Amino acid sequence: MVVDDHPMWREGVARDLTEAGHLVVATSGEGRQAVRVAAAARPDVVVLDLQLPDISGVEVIHGLRAALPEVRILMLSASGEHQHVLDAVKAGATGYLVKSAAPAEFLDAVRRTAAGETVFTPGLAGLVLGEYRRLAAVPSGGGAGASETAGGVAPRLTDRETEVLRLVAKGLSYKQIAERLGVSHRTVQNHVQNTLGKLQLHNRVELTRYAIEQGLDG
């Protein structure tokens, strides 16, 4: 699904996606409408602009995540402001790409987002990791630790799951992790999905923060 308030840009992005073999189930130029349409169309990936005429992209992210918890959201914005990036990621965006990206880079980002990876314009991944390291250093206020599930029991990860988690925290892509470990891309995906389930997390962004909180990024 493509959400952007500029008709020519929205239609162009949708056309590029269709020509690349993706099924565009819906488009929208307004935030509130996008949330309503997405709830019915149930897209796997939403390509979302940050600036919309009625509500902000961050508000749209919250609405999309509430309606479709498993949806993956790739921000495609003209803004590369650090605060905009952090706000979007904290709200639940899976990745963030600036509109100056080349078409091939954008299509690759969509494919990787659909596969469950986090994708950022070069230079922004380090910004997000740095912010999560900063947050991990702040006391949580005495609540349940991040190493515990909602039930209060620490999850048990296999050695390979922990190894993959460590590489995720370092910012490596699934392809890089697969090459590092000598396994297939699909095997890495399976390990990540199993780890997400055990930790009761929803996406790789949350997984990265968990890994940093556990000191696995060293």
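Taking residues in segment 1-28 that are free of Cβ contacts under 8 Å to residues at least 40 places away in the same chain, and partners anywhere that are of a type in the set (A, V, I, L, M) and in a helix (DSSP H, G or I), the pairs with Cβ atoms closer than 6 Å and at least 6 places apart or on different chains are V24/A14; V24/L17; V25/A41; A26/V37; A26/A41; T27/A14; S28/A34; S28/V37.
Rundown of residues vs (1) of a type in the set (S, T, N, Q); (2) modelled with pLDDT of 50 or more; (3) more than 22 Å from the chain's Cα centre (by Cα), yes/no style:
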position: E148; (1), (2), (3): no, no, yes
position: V153; (1), (2), (3): no, no, yes
position: T162; (1), (2), (3): yes, yes, no
position: K170; (1), (2), (3): no, yes, no
position: Q176; (1), (2), (3): yes, yes, no
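Annotation note: of A34, A40, the sole residue that is among the hydrophobic types (A, V, I, L, M, F, W, C), open to solvent by 50 Å² or more (accessible area, probe 1.4 Å) and either touching a residue at least 60 places away in the same chain (Cβ under 8 Å) or assigned to a helix (DSSP H, G or I) (or both) is A40.
Filter segment 182-198 for residues that are open to solvent by less than 70 Å² (accessible area, probe 1.4 Å) and touching a Gly at 6+ places or on another chain (Cβ under 9 Å) and give the result. Those that are open to solvent by less than 70 Å² (accessible area, probe 1.4 Å) and touching a Gly at 6+ places or on another chain (Cβ under 9 Å): Q189, V192, L196. Open to solvent by 30 Å² or more (accessible area, probe 1.4 Å), assigned to a helix (DSSP H, G or I), among the acidic types (D, E) and closer than 20 Å to L74 by Cα: is that true of E179 in this structure? Considered against the rule, which asks whether it is open to solvent by 30 Å² or more (accessible area, probe 1.4 Å), assigned to a helix (DSSP H, G or I), among the acidic types (D, E) and closer than 20 Å to L74 by Cα, E179 comes out as no. When you look at A34, is it more than 13 Å from V2 (Cα to Cα) and of a type outside the set (V, I, T), yes or no? No, not satisfied.
The values are calculated or read from the model by the stated rules, or taken from the named source; none is laboratory data. A quick note: this is a predicted structure, and the numbers were derived from the prediction, not measured. All Cβ positions, even for glycine, are placed from backbone atoms using ideal geometry, and neighbour counts span all protein chains on display. Quick note on the areas: whole protein, heavy atoms, side chains included, nothing else; ligands and nucleic acids left out. Shrake-Rupley method; radii C 1.70, N 1.55, O 1.52, S 1.80 Å.
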